[in-house]
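Peer 1: Attaching a single structure in structure tokens format; questions to follow.
The values are calculated or read from the model by the stated rules, or taken from the named source; none is laboratory data. Predicted, not measured: the structure shown is a model, and the values here were computed from it. Cβ atoms come from the backbone with ideal geometry, glycine included; neighbour counts cover every protein chain shown.
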Amino acid sequence: MATIKAIESRSVHQIQSGQVIVDLNSVVKELVENSLDAGATSIDVRFKNHGLDSIEVQDNGKGISPDDFDTVALKHHTSKLSSYDDLTSLDTFGFRGEALSSLCALSKLHVVTARAEDGAVGKRLDFEVSGKLNGATVTSAQKGTTVAVEDLFCSLPVRRKELEKNIKREYGKVIGLLHAYACISVGVRYSVSNQVPKGKKVAVFSTKANTTTRENIVNVYGAKTLLALVKLDLKLEMEPGKGPSTQSVRNWSTQASDNSRAVKVEGHISKPGYGEGRQAPDRQMFFVNSRPCALPQVAKAVNEVYKSYNHHQTPFIFANLVMDTNAYDVNVSPDKRTIMLHDQTALLDSLKLALTDLFDNTDHTVPQSTL
Ligand code: ADP
Ligand code: MG
């Protein structure tokens, strides 16, 4: 008798969904990225009971067309990518059409949405576990979209228990991630709040729709943090096989070579004498083309160079690596947080050299005011 059978599609959906939405962090990441992809300039993130009861992300983006209501939460349905070839020129955060469908399988999800032409009349969308639309009812709504996720992991009891056990730590990580989005998003106002059961709503932090990342850093971390930072504006030229050269680092803009290999590093880093007492992950933020991501090797390289100037501290760093979309692969892990950099070794060598050059030429004192 044959023992190999197909897993029923509902179970496959749940298994795969648990890989896309792995924790509280992935929920918030997916929803905020959807808001940014929709062109939002205002994003409100509201937690109830640190996210255990609900997570709500409200934006003022373009909203969802009634023509898309049926497919919005269906697996592998997206407005952002239609074929594999589009992956190399991707300029949106999302592309797999998996987040909303996964959240339907793992929580109770509903969406309220309205477009500019809908006036103050929106629709509330409810879904089945499979992501199929269950109903659209009229409700009052501003232009934009609110996605509400209740009882995260209610369909995966073990994961739910883990979440309950570790909620404070998970919540702390999420706030760190939201700090990163708030710092990198120019022209977007963020407001984050949390309401504990029977308690009042507490504002966690907020930013204005600033025009520079500098102002964002001041909103998020305070003016004092900024005073101890030096601007990062590094240009890395990598020539495989030849290794990095200081010359190419310094004179990047005058190099006539193929710029698709070049990487710019923009942001801020602690002056060597003014690092942080401990290595706090939320004070070391890395982005690739404004996409927050984990870059452990880059972090290691930065910390190594910093250590040779300041043995006792680690730097605050906010670094956006600007590079050609061909130079990396975001399609490595289901949660898209891991990025594969094609020329990592050359990039790290070049980065270390450029940072050394920067620190050697930095005024190490902290000015009274740089604002
Ligand atoms: P992806 O982002 O990979 O396309 P999602 O499951 O996150 O997949 O979203 C599915 C689709 O729903 C998106 O392609 C987009 O068209 C629509 N959508 C999701 N969130 C929003 C939002 N906040 N505003 C407007 N449209 C949205
Ligand atoms: Mg998405």
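Peer 1: Please work out if Val111 is within 12 Å of ligand 1 (Cβ to nearest atom) and assigned to a strand (DSSP E or B).
Peer 2: yes
Peer 1: Of everything in the stretch 88-140, what is away from ligand 2 (no atom under 13 Å from the Cβ) and of a type in the set (D, E, K, R)? Give them in sequence order.
Peer 2: Of everything in the stretch 88-140, those that are away from ligand 2 (no atom under 13 Å from the Cβ) and of a type in the set (D, E, K, R) turn out to be Asp91, Lys108, Arg115, Glu117, Asp118, Lys123, Arg124, Asp126, Glu128, Lys132.
Peer 1: Let me ask something additional. Can you tell me which residue in the stretch 37-73 is surrounded by the most Cβ atoms within 10 Å (Cβ to Cβ), limited to those that are within 9 Å of ligand 1 (Cβ to nearest atom) and in a helix (DSSP H, G or I)?
Peer 2: Within the stretch 37-73, the match that is surrounded by the most Cβ atoms within 10 Å (Cβ to Cβ) is Asp37.
Peer 1: Tell me the residue from Glu170, Glu162, Glu150, Glu117 that is outside the structural domain of Arg291 (by TED's automatic domain parsing) and touching a Phe, Trp or Tyr at 6+ places or on another chain (Cβ under 9 Å), please. Reasoning before the result, please.
Peer 2: Values: Glu170 fails: touching a Phe, Trp or Tyr at 6+ places or on another chain (Cβ under 9 Å); Glu150 fails: touching a Phe, Trp or Tyr at 6+ places or on another chain (Cβ under 9 Å); Glu117 fails: touching a Phe, Trp or Tyr at 6+ places or on another chain (Cβ under 9 Å).
Sole residue among the options that is outside the structural domain of Arg291 (by TED's automatic domain parsing) and touching a Phe, Trp or Tyr at 6+ places or on another chain (Cβ under 9 Å): Glu162.
Peer 1: Continuing with the same structure: Residues to consider are Ser82, Ser102, Ser17; find the one that is modelled with pLDDT under 90, buried (at least 23 other Cβ atoms within 10 Å of the Cβ) and not in a strand (DSSP E or B).
Peer 2: Just one listed residue meets the conditions, Ser17.
Peer 1: Scan the stretch 109-132 residue by residue and report those that are among the charged types (D, E, K, R) and closer than 16 Å to Ala73 by Cα. First the steps, then the outcome.
Peer 2: Initial filter on the stretch 109-132 (among the charged types (D, E, K, R)): 115, 117-118, 123-124, 126, 128, 132.
Across the stretch 109-132, the qualifying residues are Lys123, Arg124, Asp126, Glu128, Lys132.
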